[in-house]
Structure formats: structure tokens, C-alpha cells
Amino acid sequence: MTSDHTQNWRPATQLVRGGLNRSSHGETCEALYLTSGFVYESAGSAEARFKGEEDGFVYSRYGNPTVEMFQDRLKALEGAEACFATSSGMAAVHAALASQLKAGDRLVASRALFGSCHQIVTNILPRFGIETVLVDGTDLDQWRDALKHGAACIFLETPSNPTLEIIDLPAVIKLAHEAGARVVVDNVFSTPLLQQPIQLGADVSVYSGTKHIDGQGRCLGGAILCSRDFHDDVLLPYVRHTGPALSPYNAWTLLKGLETLDLRVGRQCQSALRIAQFLESHPAITRVLYPGLESHPQHALAKTQMRDFGTVVSFEVAGGKLPAFALLDNLRIVDISNNLGDSKSLITHPATTTHRAMPEEDREKLGITEGFARISAGLEDVEDLLEDLNQALDTALQTGTVKAA
Ligand SMILES: *Cc1c(COP(=O)(O)O)cnc(C)c1O
């Protein structure tokens, strides 16, 4: 088999076979190399490997055969030149930004970000002298204005967590490159199957493996996809010494997760659309956000850059926090949890959990109100999920805690 041949595989084939590197035992399943270090034939060989003159592993903080299979599979899936796997999605976001920024640099980011991404951009990086400018990511004029003064880098999520804003990737990437800025995209909500930022011109695409890639609630992980030059010259010198490496055991779990990603995400997208349609017709719900709904402000744009509309639906319950909590508390199948992309359907109240640390002013600008909830569609039968949502909304209505809109 030539590498050219494997490069032509379609995504569902890459998910199962991409990066597979069998040992001399010919095992069916990817081998788990649970080792921190590696031994050398001779002192000279150790010297040559440290110099990069001899191929081979050195230390699992730098690389490991199981982790490498995971990296190679993701690379093949997205058509990226290089990948570095990390211990969590946040380690990936942090390393992708911190490895390239220095004091005095400007970072322009969309405001609609996951809580921890918002913290890195607005609190942690500024401590090191990096200036951050937040823009409404859906407004190209705001990107243009912010980039007038130049920037080292831009950072964005699309769809964003949890408001499901869609950002015009080709247009924003063009503006950033004209201003000399690198583009880092947090692609967690799309997964590498629904949208491929690198193919659209982004410099770096970042994943949380914890979400859909594992998708079964087992482990944390993350990944940074980029060009060979960025990987070798910018990222590796940073991550080798700061140590956000993925454990081989988690890499093995994530490899198993990738094998079923296409099946799971396909099913979850279908269920998410059904849930969004159901909620849109329910009187206790004032607003539903799902890129697959015609009512979504960027539905047309989502159709041009995504293969499907994602596995998460956000909505607002009439009457604020009390009725929203009553809904969550009355669900019998859907669990209250801040994770997403899981085989189990999960619901969360962002204003009091994932986005609690975000200043109220920013939450208001994004529309993360007290009645706002985010549901991640799992793999249960969608009819059971709809019945569960229906009875929880009814119970909440009957107990008088939800006022019909
Ligand atoms: C969950 C999430 C992350 C962080 O991933 P972890 O694996 O939990 O560290 C980053 N970005 C987005 C959009 C997320 O939803």
C-alpha cells in the first residue's frame, strides 16, 4: 500500500484505518504502548535521536507510537500536514495560542467563546503582555476594523459554544491573512467531519477529543492540526518543554472513539434537528438556536461551509432561571451535565456553569440569559428524547414554574 493510496480514502475509511501502524505481531486493534520512555541500542544512537538525525521515539512527552497513530488518523481526516495531540481541549487551545504569541502582540478573537477559551483570551494571555480585542464574529466590518491595526493571530469558534453563532470562515480567514495574522479555529462543535478549517485556509484547527471524538464520557484529550512548518518551528519547541502531551492510554481510547465518529455524529445531527424543531413549536420556549433551522440567522452560511449542522441545540425557556431549572430537574432521560458530544444526551445551564466566569456584560451581549439552556443530542431513540423533553416542559408548566410565552 502506498501512502498515496491511503490519502485518497474517504473520511469513514480514514476513521477506522487512517494512521494504523501495526507492530510485528500483526494485531487487529491499534496497540497500546503504555510507556513513558524508550531505550537505545547505543549511546551514539541516543545522541543521534536527540539531534533529530535518527528516526525513533525519545520520550512520551515528545511522542509515543499510540499517540502518533491518533495524530496520523486526525491528520488524514482533515488533510493537515501535521498534528500534535494534547491532554485536553484546553491544553490544545492554550498551546496553539501561547506557542506563537509574545508580549506586545495583538490577538483578535470572536466574543462568542467557550468559557475557558474566553478566560485564556481575556485573562491569561493579557498577563503576559498580549493585547486582546474581542469582536462580534458574525460582523465582517468588526473583524476589518480590529485588523486595521494589525494582529499576530485571530481566534474563533464556529459554531460557538453555546450560542451556535456561525462565522464566515473563508471571508474572515482572507481578512486575517491580508492583515498578516495567523488563523486559529476551535472546531470542536463541528468535529473534523462537518467542517474542515484547514481546507478552508485556516492555519491551525483545534479539537477537544473529550467531546465527540471520545464521545462516550471516558477521557480527556485534544489535538492541534497545522502545517509542517508551524508544527516544527513554532509548536514543538513550546510543547516539548511545557508538557501538555496526551497519555498513550487516552490516545488509544480516542482512536477507538474515532472508529465510530461518523456513525455517532450522523445520528446525533439528525436527533438535534428533530429536537430543535420540537422546541421551536413549544409554547414554553421563546428562542431556539440551531444552525439547521431556517430561523437561524446564519442558516444560509452554515449550509455553505458545514456538511451538517451539529449535535447541539440551544434555547431559551420563557420566564428565566426558575423555569429553566425546573425543566432540567424534571428530565428523566437527559442528564444534567456540562459535557457534550456524548452518547448520552446532556443538558446544561451555561449562565450558572460553563459561562459563569464570563462577565455578565459579555453574557448579555451574547444572549446567554438566565433562561438559556444547551442540549447535546445523544444516541438514544429520538422519540424517547422528545417525550422526555415534552413531559419535563409539561410538568414544569403544570407546577406553574414555567409561564407560557
Ligand atoms: C469543551 C470545549 C473545549 C475544551 O475541551 P476540554 O477537552 O474540556 O479541555 C474547547 N472548546 C470548546 C468549544 C469546547 O466545547
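The values are calculated or read from the model by the stated rules, or taken from the named source; none is laboratory data. Note that the structure is predicted; figures quoted are calculated from it, not measured. Please note: Cβ atoms are built from the backbone with ideal geometry, for glycine as well, and neighbour counts cover all protein chains shown. Each accessible area value is taken on the protein alone, full model and side chains, heavy atoms only, with ligands, DNA and RNA left out. Shrake-Rupley method; radii C 1.70, N 1.55, O 1.52, S 1.80 Å.
Residues checked against (1) open to solvent by 30 Å² or more (accessible area, probe 1.4 Å); (2) among the small types (Gly, Ala, Ser); (3) under 30 Å from Glu165 (Cβ atoms); (4) not assigned by TED's automatic domain parsing to the domain that holds Trp143:
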{"residue": "Cys29", "(1), (2), (3), (4)": "yes, no, no, no"}
{"residue": "Arg49", "(1), (2), (3), (4)": "yes, no, no, no"}
{"residue": "Tyr62", "(1), (2), (3), (4)": "yes, no, no, no"}
{"residue": "Ser87", "(1), (2), (3), (4)": "yes, yes, yes, no"}
{"residue": "Leu113", "(1), (2), (3), (4)": "no, no, yes, no"}
{"residue": "Phe128", "(1), (2), (3), (4)": "yes, no, yes, no"}
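Conditions (1) within 16 Å of the ligand (Cβ to nearest atom); (2) free of Cβ contacts under 8 Å to residues at least 12 places away in the same chain; (3) touching a Ser or Thr at 6+ places or on another chain (Cβ under 8 Å), marked per residue:
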| residue | (1), (2), (3) |
| --- | --- |
| Phe84 | yes, no, no |
| Ala95 | yes, no, yes |
| Ser99 | no, no, no |
| Ala103 | no, no, no |
| Phe114 | yes, no, yes |
| Ile120 | yes, no, no |
| Leu125 | yes, no, yes |
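Close contacts from the range 372-385, counting a first residue that is in the same structural domain as Val334 (by TED's automatic domain parsing) and closer than 12 Å to Arg267 by Cβ and a second that is open to solvent by 10 Å² or more (accessible area, probe 1.4 Å) and not charged (D, E, K, R), with Cβ to Cβ under 6 Å and a gap of 6+ residues or different chains, come to Gly378/Ser343; Leu379/Ser343. Exactly one residue out of Gly201, Gly217, Gly222 is touching an Asp or Glu at 6+ places or on another chain (Cβ under 7 Å) and either in the same structural domain as Thr138 (by TED's automatic domain parsing) or open to solvent by 20 Å² or more (accessible area, probe 1.4 Å) (or both): that is Gly217. Inspect the range 167-174 for any residue being within 16 Å of the ligand (Cβ to nearest atom) and modelled with pLDDT of 95 or more and give the result as yes or no. Yes, there is a match, as at least one residue in the range 167-174 is within 16 Å of the ligand (Cβ to nearest atom) and modelled with pLDDT of 95 or more. Ser337 meets all of the listed conditions (1) crowded, with 18+ Cβ neighbours inside 10 Å; (2) within 19 Å of the chain's Cα centre (by Cα) but one, namely (1). For Tyr59, the test of being closer than 30 Å to Leu125 by Cα and at pLDDT 95 or above is passed. Across the range 177-198, what is the number of residues that are without any contact (Cβ under 8 Å) to a residue 60 or more places away in the chain and either open to solvent by 10 Å² or more (accessible area, probe 1.4 Å) or near the ligand (Cβ under 8 Å from one of its atoms) (or both)? Selection size over the range 177-198: 4.
Restricting the range 199-243 to residues that are outside any helix (DSSP H, G or I) and either away from the ligand (no atom under 16 Å from the Cβ) or of a type in the set (D, E, K, R) (or both) leaves a set whose member that is nearest to Thr311 (Cα to Cα) is Arg218.
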